[in-house]
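One structure is given here, and the rest of the page talks about it.
What follows draws every value from the coordinates through simple rules; no lab data is involved. What you are looking at is a predicted structure, and each value in this text was computed from that prediction instead of being measured. Cβ placement follows ideal geometry from the backbone for every residue including glycine, while neighbour counts extend to all protein chains displayed.
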Amino acid sequence: MKQLKKKRIGLYARVSTEMQTDGYSIQGQLNQLTEYCQFQGYEVVDEYTDRGISGKTMQRPELQRMLKDANEGKLDCIMVYKTNRLARNTSDLLNIVEELYKINVEFFSLTEKIEIASSTGKLMLQILASFAEFERNTIVENVYNGQRQRAIEGYYQGNLPLGYDKVPDSKKELMINQHEANIVKYIFKSYAKGHGYRKIANALNHKGYVTKKGKPFSISSITYIISNPFYIGKIQFAKYRHWSDKRRKGLNEEPIIADGKHAPIIDKALWDKVQFKRQESRKKPQVHGKGTNLLTGIVKCPKCGAAMAASNTTNTLKDGTKKRIRYYSCSNFRNKGSKVCSANSVRADVLEKYVMDQILEIIKSKKVLKQLVEKVNKKSQIDVSSLNHDIAYKQSQCEEIKAKMHTLTKTIEDSPDLDSVLKPTILSYQDELNQINNQIHH
């Protein structure tokens, strides 16, 4: 009698923070999933675990590895403890499950007992995904409101700024660290005297001073300090729009500025003087060299290995004529000063000519030239084929999204009570549909 093949299972577990309650920890999820598989007689092929990563992003190493294994035919089913472990975003979750369905890989949620083989299972998945996204958005909103209220009350949140320590046995109160406060005062006074960011950073690094994180001072760390109203006893909150994004873009024109509970290090007169000089500095026209600096970021500093960046210097010739010369110099030196590295400057025209001469020597070889032509032609063919494939794929995505929207709309018609839950998902699908259509036509 032929033995039935065991179902090959991939277990996926995720926590958004390193510390979770035992029942919801990585190991807690895996234990329950493994126990279920043993009871069912399934074969656990692999475990995929993403630790400390939000379900909002698809860029999770283990998630991508699992999907790759599924596409390569190594798995028959992907199993999770709960649907929100796979994704918090409704659209992402449904897209993952849809892709699995296309390659005949099943999806199963242990606690919700959801399978996608039936239309009922798919509908339940859509509803639960909507609830999961609603739950996440509610958490984000509550966290934001809590932080906003604490800021209004004058309590600092986040990493400690240079110049302050926490009061022992207190979670909220801060006290001045006198040694660090002297560094902060030096920075403000130096800038008020007309010293630039790099000059200040260089001086501090030569004195052996370091930032709160124990690193050398740089242009960015000096800029952060002299622009932070915390040092005059203020709390600033919501400086940027879209605060929950990892890359916080767009300055908020009306951030919250409240009186802090902490003591100031800088007096208002010095602060105002520094901010005035910063504004004046912004008004000065910036001089940019013409042409392209071909080797910026490509050539490395021979001493520290940092990228070499282009800069200009103006020399006065004997006849009084001024000549601007481009150089490549160490970015570490330019950012942090001579304590960290040397300029190691080299004239841009000399270096670029040398590199071009070397490239010309290489391609003079008929063999090398032939290989380059073959690679370019092959790349062109691949690009056209890839473009056609992408368009076809995006068109199929549009059809799938339309079908999902139709299903959800029909569900609302049959069950009006679900309107408030499913409507955000429909709107999300509409946005996604518009984006894909724009990509196809551009």
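Some values worked out for this structure:
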| read-out | value |
| --- | --- |
| Over the range 308-361, volume per residue of the alpha carbon convex hull, in Å³ | 98 Å³ |
| In order through the range 223-236: 3J(HN,Hα) via Karplus (6.51 cos²θ - 1.76 cosθ + 1.60), integer Hz, x for Gly, Pro | 4, 4, 5, 6, 9, 9, x, 4, 6, 10, x, 10, 10, 10 |
| His406-Lys273 pseudo-label distance in nm [points 7 Å out on the Cα-to-Cβ vector] | 7.3 nm |
| Out-of-range pairs (alpha-carbon distance over 19 Å; input Lys300/Lys353; Lys113/Lys410; Lys185/Lys273; Lys273/Lys336; Lys172/Lys234) | Lys113/Lys410; Lys273/Lys336 |
| Amide H contacts of Tyr164 (H built 1.01 Å from N, under 5 Å, at least 5 apart or other chain) | Asn177 |
| Kirkwood estimate for the range 164-283, i.e. one over the average of 1/r between Cα atoms, Å | 15.7 Å |
